[in-house]
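Take a look at the structure below.
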Amino acid sequence: MISNLWDTDPIYVSNMKLKQILVLAGNGNLYQETTSQELRQFLAKIDLPTMSKYIEDVLSSNKDDKFDERGYVLQDIVNEMGSRLGYRVTNGLYRGKRNNENGFDGLWRCPDESCIIMESKTSDAYTLDLEAIVGYREELIETRAIERRNSSILIVLGRADRGTFPSLIRGSNYSQNIRIISTRALFDLLKIYDCNPTQMIQGQIMELLKPHDFMWLDNLVELVFPQADGGIPDFDGSADRGIVDSAVGSNQDIVIPELPDRSLKVGKFIRTAMQQLSSSGYMFTESQIEKLCDKAWSKKTFHTNWPFMKRKQADGETQLRDANGRMRYWVDSFVFGDVEVYVTKELFQESGSMECFIEWYERLRGGEDLD
């Protein structure tokens, strides 16, 4: 298998042309499932410099570099980028539809269960069948594989003059549900995340790839600069340190309220405690917010299956529900400095959530460093 060759001699393999790699994968025919599986396993292993080189191979105008299946290989590379960005990716068909299967190139699911139907093209020189792409989304909605309210389309172009496709989409009825990005720009986002793989950076990238109404620039400012005076953190962590120092300094004169009456039911108890903490002017550090928004950390700390907090985004109430429409977060938001969040209501006495919350809160009141 070609992936085994990468394990043995990655330097040698990285110097090979992409069309040579394809010959070594299975029987070289991407329509054979074993070949496509081998290629995808190989792409999952390569480093970013090699991926960048293969992108150039796919998009090369040099006749010696061209090969018939390059559009399909680009599709797999784009899906691999989606996977590395944190999406749960379902690879699509290489061409059209068969056996009543949906013809999407890729289906990307975000951690918040919103979905992107990905369509890749080597160039915008070819005709875009917009009706077919929109039809893939509609079919998935009809079969309840995705929901209309939190699904969109992302078109990834290899080479683009920024003329044909955007004009076609702007003149359609579907412009509110479609985004376009070049393969190179998507790769640049992957490099950013690879250098700084934080939940905040991942969330910003995922929001960027969703359709947004930027007539109101407030939405764009919130997306690009989530901290009022911090912006995207430097890769050396210096911006994060500034944010942390600012938050700690702002809390020096804050008196953290005592916990409410412990005879209250767990939901009312925790909600009241967080309301009082918010009203006191308390500010969490950025690293604390990231932990409180992390599912695994929340499960360990509060015994809940949901992230304890969610940053409030522009889509509002859709954040409060799960994929089935059930409310998982309280409607009222809580403000801590410049950060506005929702708190999960999935906290139960029988799972020990109340005792865990009390322990965490008392450590906070005691001035313990919870970063």
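Only the coordinates and a few stated rules stand behind these numbers; no lab work does. Owing to the predicted nature of the structure, the values given are computational and were not obtained by experimental measurement. Here Cβ is always computed from backbone atoms with ideal geometry, including for glycine, and neighbour counts include all displayed protein chains.
Descriptive notes on the structure:
- Dividing the radius of gyration of the alpha carbons in region 41-117 by their Kirkwood radius gives 1.01 for Rg/Rh.
- Taking amide H atoms as placed 1.01 Å from N in the peptide plane, the amide H of R179 lies under 5 Å from those of I153, L154, I155, each 5 or more residues away in sequence or on another chain.
- ³J(HN,Hα) computed for each position of region 291-305 - Karplus, 6.51 cos²θ - 1.76 cosθ + 1.60, integer Hz, glycine/proline x: 5, 5, 9, 8, 5, 5, 5, 5, 5, 5, 8, 10, 6, 10, 8
- Judged by the gyration tensor of its Cα atoms, with axes a ≥ b ≥ c, region 256-371 is rounded; a/c sits under the 1.5 cut.
- DSSP bridge analysis restricted to region 2-207 gives an antiparallel fraction near 40%, rounded to the nearest 5.
- Annotation: the residues F187, F336, F302, sorted from fewest to most other C-beta atoms within 10 Å of their own C-beta, follow the order F187, F336, F302.
- Size descriptor for region 2-207, Kirkwood hydrodynamic radius: 17.7 Å (Cα pairs only, one decimal).
- Between amide H atoms placed 1.01 Å from N, distances below 5 Å from F336 occur with V341, all of them 5 or more places distant or on a separate chain.
- Exposure proxy order (Cβ contacts within 10 Å, fewest to most) of V23, V156, V13: V23, V13, V156
- Above-threshold pairs, the threshold being 30 Å between Cα atoms, out of K19/K210; K265/K299; K265/K300: K19/K210
- The 3J(HN,Hα) values that the Karplus relation (6.51, -1.76, 1.60; θ = phi - 60°) gives for region 272-286 are, in residue order, 5, 4, 5, 4, 5, 5, 5, 5, 6, x, 5, 10, 7, 6, 4 Hz. Gly and Pro appear as x.
- Gap separating the Cα centres of region 5-76 and region 104-119, nearest whole Å: 23
- Ordered by the number of other Cβ atoms lying within 10 Å of each residue's own Cβ, fewest first, I77, I46 fall into the sequence I46, I77.
- Rg over Rh [alpha-carbon atoms, Kirkwood Rh] for region 252-316: 0.99
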